[in-house]
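Input: a single structure, listed below in structure tokens.
The values are calculated or read from the model by the stated rules, or taken from the named source; none is laboratory data. As the structure is a computational prediction, the values presented were derived from the model and not from experiment. Don't worry about glycine lacking a Cβ; one is built from the backbone with ideal geometry, like all the others, and counts go over all protein chains shown.
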């Protein structure tokens with residue numbers, strides 16, 4: 001299928017081929033009939049990507065600061081790789097979509113195949129959206145007009161916040177699509193409306209739909225016009241739908257308001273306020289958040305957990321339904337707002353002229369047919385023989401792009417597949433890295449007999465299920481940490497592993513396994529890269545001749561808001577299971593032993609699994625004690641990771657995988673690397689070598705299971721305030 005994207009590196013708007021997205025639980029697959037170009041929002045996205053790297057930096061100073069901080073902590077190379085990865089990520093355009101339902105995911109019971117729906121899907125022939133971000137279109141509402149639903153919902157949320165009353169006078173500053181829709185909704189509420197814009201064409205449209213409108217310029221003073229029209233009292237409320245950097249608009253809104261007037265910002269303007277303007281009139285100001293309650297809440301949008309109607313009358317989905325009802329009744333007429341109709345094939349061409357005067361509602365019209373089974377071939381097709389080292393990657397996020405793929409290529413792996421949820425990111429990654437096939441179907445990888453190994457780099461909640469599917473497909477598995485999020489998943493993985501190895505013992509199935517009977521099939525590898533760092537391996541070499549150790553492993557992890565997916569226990573598992581596992585594994589590797597019991601304490605009285613300020617104490621089978629300090633309340637300028645090892649009258653201190661200092665060792669004092677090395681390249685080199693040449697897996701299976709159990713035990717120990725032994 002085809003999709004419209006913005007290339008961050010080149011600044012070009014492109015119509016690209018990408019795999020068809022797959023419907024998933026709680027979601028709906030829609031074949032697009034029409035989509036609406038939102039001029040204001042999409043112009044900002046497009047303009048922000050144009051110009052060279054210097055221009056992008058000036059427009060995004062906050063991003064520049066993030067890069068500088070990363071350079072200080074992780075080194076210039078890591079920072080540059082992160083920037084390059086971000087620039088290579090295509091930005092999907094559009095969020096006003098109307099079409100027909102092709103499939104519904106598990107859990108969706110009130111939408112059926114064949115229904116006509118409006119959604120926040122993008123400019124693409126096929127879109128997958130959560131149930132709470134779409135609404136059924138009433139009979140009699142044409143699909144092209146239904147494409148205005150999401151933009152209408154944004155408008156309606158602003159109207160609800162301003163709380164218009166019958167007979168009030170409301171000013172609308174900015175007469176783009178949202179401004180014109182605001183006029184109609186305010187008129188439906190019985191309000192008198194004054195409109196302002198710098199474009200005379202938009203002013204003409206506003207006048208035709210019932211507003212007293214003015215073209216702002218040398219001959220029009222908005223403040224005076226509003227006061228004259230209200231006999232010097234001032235307007236009751238102002239809705240700002242303009243997009244401008246100036247602070248003049250917010251000042252004008254304050255000046256034209258009556259005492260105790262209300263101002264609601266739906267657009268984007270400068271917000272430097274003059275206190276006296278607001279103090280003397282006791283004005284109220286509020287910023288409207290997109291479509292309404294539920295927006296940006298993953299519980300509502302992604303998980304489909306609706307807010308109870310008696311307590312939250314108007315959610316974003318209910319706002320969408322209200323807009324469609326207005327279209328059906330004729331209270332809202334978007335016909336006069338449609339100025340252009342363009343075939344989807346020519347969509348990329350219109351973005352060069354998004355600032356053209358006279359453009360208002362641009363409708364993209366889609367073809368009747370679409371290739372549901374499309375795949376992306378970005379290198380010349382070739383015959384794949386079942387050679388060793390062929391891999392497929394599931395997940396095309398920043399870590400896959402910036403770390404996994406370069407490391408695999410450096411190690412000599414043959415990457416045949418890249419898969420992503422919607423397909424568009426996979427298509428972009430495949431094109432850049434010369435990967436043969438981009439897909440949105442994991443089954444393509446699992447069912448291909450030429451693929452030796454599956455690399456799993458998705459969000460954490462998918463790890464356990466994908467590991468099991470890959471093992472049952474008799475593939476070697478590499479999964480980014482963590483292995484899984486629940487004990488049930490862990491038990492199923494252990495059973496699948498043991499079951500496959502019992503079958504192998506009875507009857508070897510491949511030449512590779514027959515030649516190397518010591519290989520476990522399927523093998524399992526987790527991305528515990530720290531143990532593969534040259535400094536970690538040097539520590540292991542230096543302490544391998546001794547007995548039990550005392551270790552202190554500290555991660556200055558940094559603050560992540562609770563809204564981030566890693567903090568969601570159902571999706572990310574929390575930061576103990578999701579990231580502190582790195583330090584647990586490093587302790588297992590350096591001690592040459594496994595964890596037998598764990599105690600843990602959260603900062604203050606916090607005993608929740610989502611706590612990200614934790615001290616974990618571990619006892620190892622060989623008598624070693626390890627303390628893991630996982631802290632999110634430190635300063636980002638301090639190194640992220642530090643390791644101290646004590647034993648036999650000697651001490652080793654490793655700082656941020658750059659330097660290692662020894663105290664009391666004969667022949668060793670200090671090792672300093674030219675750049676930070678957390679072991680990623682060495683890890684993938686070991687894994688690819690294992691795929692090609694056999695031998696034992698790079699990380700023993702029992703250690704992977706032990707580390708996973710230890711992180712689960714840390715969460716339980718923090719909750720129960722007791723030692724957990726296993």
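Points worth noting:
- Every residue from the stretch 214-248 that is part of a helix (DSSP H, G or I) and under 17 Å from residue 193 (Cβ atoms): 222, 223, 225, 226, 227, 228, 229
- Taking the criterion of being surrounded by 18 or more Cβ atoms within 10 Å (Cβ to Cβ), under 25 Å from the mean Cα position of the chain (by Cα) and not in a loop (DSSP other than H, G, I, E, B), the only residue of the stretch 103-116 that qualifies is 104.
- Taken over the stretch 85-102, the criterion of being touching a residue at least 60 places away in the same chain (Cβ under 8 Å) and part of a loop (DSSP other than H, G, I, E, B) is satisfied by 88, 89, 90, 93, 94, 96.
- Filter result for residue 163 (in contact (Cβ under 8 Å) with a residue 40 or more places away in the chain, over 18 Å from residue 39 (Cβ atoms) and touching a strand residue (DSSP E or B) at 6+ places or on another chain (Cβ under 8 Å)): yes
- Verdict on residue 56 being at pLDDT 95 or above and either on the phi < 0 side of the Ramachandran plot or in contact with a strand residue (DSSP E or B) (Cβ under 6 Å, 6 or more places away or on another chain) (or both): no
- In the stretch 1-37, the residues that are touching a strand residue (DSSP E or B) at 6+ places or on another chain (Cβ under 9 Å) and either on the phi > 0 side of the Ramachandran plot or outside any strand (DSSP E or B) (or both): 1, 7, 8, 12, 18, 19, 20, 21, 22, 23, 24, 26
- Residue list for the stretch 449-461, restricted to those being modelled with pLDDT of 95 or more and surrounded by fewer than 20 Cβ atoms within 10 Å (Cβ to Cβ): 459, 461
Matching residues to (1) assigned by TED's automatic domain parsing to the domain that holds residue 261; (2) within 17 Å of residue 334 (Cβ to Cβ); (3) within 42 Å of the chain's Cα centre (by Cα):
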position: 198; (1), (2), (3): yes, no, yes
position: 202; (1), (2), (3): yes, yes, yes
position: 205; (1), (2), (3): yes, yes, yes
position: 220; (1), (2), (3): yes, no, no
position: 229; (1), (2), (3): yes, no, no
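- Residue check: residue 307 meets all listed conditions (1) farther than 26 Å from residue 28 by Cα; (2) free of Cβ contacts under 8 Å to residues at least 60 places away in the same chain; (3) in contact with a helix residue (DSSP H, G or I) (Cβ under 8 Å, 6 or more places away or on another chain) but one, namely (1).
- Any hit, the stretch 602-621, residues being touching a helix residue (DSSP H, G or I) at 6+ places or on another chain (Cβ under 6 Å) and under 19 Å from residue 678 (Cα atoms): no
- Identity of the residue in the stretch 698-707, out of contact with any helix residue (DSSP H, G or I) (no Cβ under 6 Å at 6 or more places or on another chain) and surrounded by 20 or more Cβ atoms within 10 Å (Cβ to Cβ), that ends up nearest to residue 596 (Cα to Cα): 706
- Only residues that are in a loop (DSSP other than H, G, I, E, B) and either at pLDDT 80 or above or out of contact with any helix residue (DSSP H, G or I) (no Cβ under 8 Å at 6 or more places or on another chain) (or both) were counted across the stretch 354-389, and they come to 21.
- Scanning the stretch 270-284 for residues that are in a loop (DSSP other than H, G, I, E, B) and in contact with a strand residue (DSSP E or B) (Cβ under 6 Å, 6 or more places away or on another chain) gives 282, 283.
- All of 170, 129, 141 fail the test of being in the same structural domain as residue 115 (by TED's automatic domain parsing), over 15 Å from residue 317 (Cα atoms) and not in a helix (DSSP H, G or I), apart from 141.
- Selected residue (criterion: farthest from residue 10 (Cα to Cα)) from residues of the stretch 429-460 that are touching a helix residue (DSSP H, G or I) at 6+ places or on another chain (Cβ under 9 Å), in contact (Cβ under 8 Å) with a residue 60 or more places away in the chain and in a helix (DSSP H, G or I): 460
- Residue list for the stretch 184-213, filter: assigned to a loop (DSSP other than H, G, I, E, B), without any contact (Cβ under 8 Å) to a residue 40 or more places away in the chain and touching a helix residue (DSSP H, G or I) at 6+ places or on another chain (Cβ under 8 Å): 189, 210, 211
- Residue 226 falls short on exactly one of the conditions (1) within 24 Å of residue 157 (Cβ to Cβ); (2) surrounded by fewer than 24 Cβ atoms within 10 Å (Cβ to Cβ), and that condition is (2).
- Residues within the stretch 593-612 that are at pLDDT 95 or above and in a loop (DSSP other than H, G, I, E, B), tallied: 2
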